[in-house]
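J.: Dropping the structure in here first, questions after.
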Amino acid sequence: GRRRGNNYNVVSSLQLYATEKDGPEDVGFESCSLSDAGLIALGDGFPKLEKLSLIWCSNISSSGLMHSPITLDLQGCYVGDHGLAAVGQSCKQLEDLNLRFCEALTDTALGIAACAKITDVSLEAVGRHCKSLETLSLDSEFMHNKGVLAVAHGCPSLKVLKLQCINVTDEALKAVGTSCASLEFLALYSFQRFTDKGLRSIGNGCKKLKDLTVSDCYFLSDKGLEAIATGCKELTHLTVNGCHNIGTLGLEFIGKSCSLLTELTLLYCQRIGNRALLEIGLGCKLLQALDLVDCSSIGDEAICFIAKGCRNLKKLHILLTDLSLRFCDRVGDEALVAIGKCNSLQRLNVSGCHQIGDAGIIAIARGCPQLTYLDVSVLQNLGDMAMAELGEGCSNLKEIVLSHCRQITDVGLSHLVKNCTLLECCHMVYCPGISSSGVATVVSSCPNIKKLLVEKTKVSQRTKRRAGSIISYLCVDLI
């Protein structure tokens, strides 16, 4: 019969994956035995193929790589030097090449991407042969300025540059700033010999830069960010991670000059203070995402600036330490399971959230070891299992409010105070499952107890004598 007219030879993108026994465990595809013969057939059958992905197809070698796509992903393939030489000869229009985990490559290959043993010789070949290259991702401790200089001068169309090369200095970044005017994405990781001079060159030359990441670049300062803010008016994404010499002033420059900024991520930036986010709030009206992690000088005032100025904000990630959901009737265990992943939480109030039970508080107990204050009053479904988990996981607990929790008994209370020896304040009025025995357990197990609220009828004479005047049905401070 006559075949239907499907023009498969116009396919422009093809992805092939493999997970053989010696491949990575997390790729999640069935075993694939694609070899050079199959790849050659693909090249003949799909002459217009522009994007080819061969992730972890370890049976591919040099003879199969005679096709000419624009984007080529060979991650985990055992292509060797001859294979990359074939790529260099055949793929003259290559714009994006990924050779991560290609351990067989040496300097005689046309090297690129995250191949740990690549040196300057490889990148010199890239600069000579791949004039259309747009994306370069390189992680190599053997790389020096010479290789990056070759790419900067030889690949003027470069748009994406990701570098983690501890031996590269300002000289290489100056070349990028001078020659790569089309650069839109720049990521610099762990640069130990890179200073504001290099970043100033980027600001002067890369006027189209939209996305900048600087991570663990210890010699960068506010002057470097000033150069970016002054020169890169199209910046939309900025990530500053662990650059300890960048402070408030640098971010103020960004806020004043980069009005198109939509995403800002600040990680482990101890010197960036509230006024930085004042300027962001005033100048970056398009901001949609703000990520703050371990920025100890940023507080409530900064968040208020963002709330007032950035009305388009859709995503806010902060290091959560204090959360109150008091009498939020629709909040249940599922929400607390998510909150339990925030291990920085120190204070939590879920009083009156009737849908919360043991599962939610157990998630908090297991995920929030720094918890010091907890109010679970008026939770009718909360029982002893949650108390036992809190005792196991939250040994730093100093204040707890259990009032009107009808399912908690002396058993759960004893598990709680067994390990929470730092407990200073406990409220447990109108808990019918807690008796005078439970009150006595709290007094005897918590040497730091300073305040206790409980019905007078549940305080035995022996407990009164033992505790003196510090305990009654009223909230009495220790003297």
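The values are calculated or read from the model by the stated rules, or taken from the named source; none is laboratory data. Since the model is a prediction, treat every value here as computed from it, not as a measurement. Glycine also receives a Cβ, built like all others from the backbone with ideal geometry; neighbour counts cover every protein chain displayed. Heads up: the accessible areas ignore ligands, DNA and RNA and are worked out on the full protein's heavy atoms, side chains in. Shrake-Rupley method; radii C 1.70, N 1.55, O 1.52, S 1.80 Å.
J.: About the Cα centre, and with charges only on the beta carbon of Lys, Arg (+1) and Asp, Glu (-1), how big is the dipole of the range 343-430? Nearest 20 debye, please. Kindly include the intermediate steps, with their values, before the conclusion.
T.: Working: 5 positive and 8 negative charges, 23 e Å.
Its charge dipole is roughly 120 debye.
J.: Does the range 288-472 come out rounded, prolate or oblate by the C-alpha gyration tensor, with a ≥ b ≥ c the root eigenvalues, rounded set by a/c under 1.5 and, if not, prolate when a/b is larger than b/c and oblate if not? Let's see the in-between values first.
T.: Details: a/c = 2.43, a/b = 2.00, b/c = 1.21.
Verdict is prolate for the range 288-472.
J.: Going down the table (Lys256/Lys308; Lys233/Lys308; Lys314/Lys341; Lys159/Lys207; Lys162/Lys256; Lys174/Lys208), which pairs top 19 Å between alpha carbons? Walk me through the intermediate numbers first.
T.: Numbers: Lys256/Lys308 16 Å; Lys233/Lys308 23 Å; Lys314/Lys341 21 Å; Lys159/Lys207 12 Å; Lys162/Lys256 27 Å; Lys174/Lys208 16 Å.
The pairs that break the limit, which is 19 Å between Cα atoms, are Lys233/Lys308; Lys314/Lys341; Lys162/Lys256.
J.: OK, next. Let's see if you can work this out: charge +1 on each Lys and Arg Cβ, -1 on each Asp and Glu Cβ, no other charges. What is the dipole magnitude of the range 288-472 about its Cα centre, in debye to the nearest 20? Kindly include the intermediate steps, with their values, before the conclusion.
T.: Numbers: 20 positive and 17 negative charges, 118 e Å.
My answer is approximately 560 debye.
J.: Taking only protein heavy atoms into account and a 1.4 Å probe, give the accessible area per residue of the range 288-472 in Å².
T.: Numbers: 8980 Å² over 185 residues.
Accessible area per residue, the range 288-472: 49 Å².
J.: Report, ordered by chain and residue number, the lysines lying within cross-link reach of Lys450, taken as a straight Cα distance under 21 Å and ignoring same-chain residues fewer than 8 apart.
T.: Qualifying lysines at Cα under 21 Å: Lys398, Lys418, Lys458, Lys464.
J.: To continue, here is another question. Carbon and sulfur atoms: what percent of the 1.4 Å accessible area of the range 203-249 do they account for?
T.: 54
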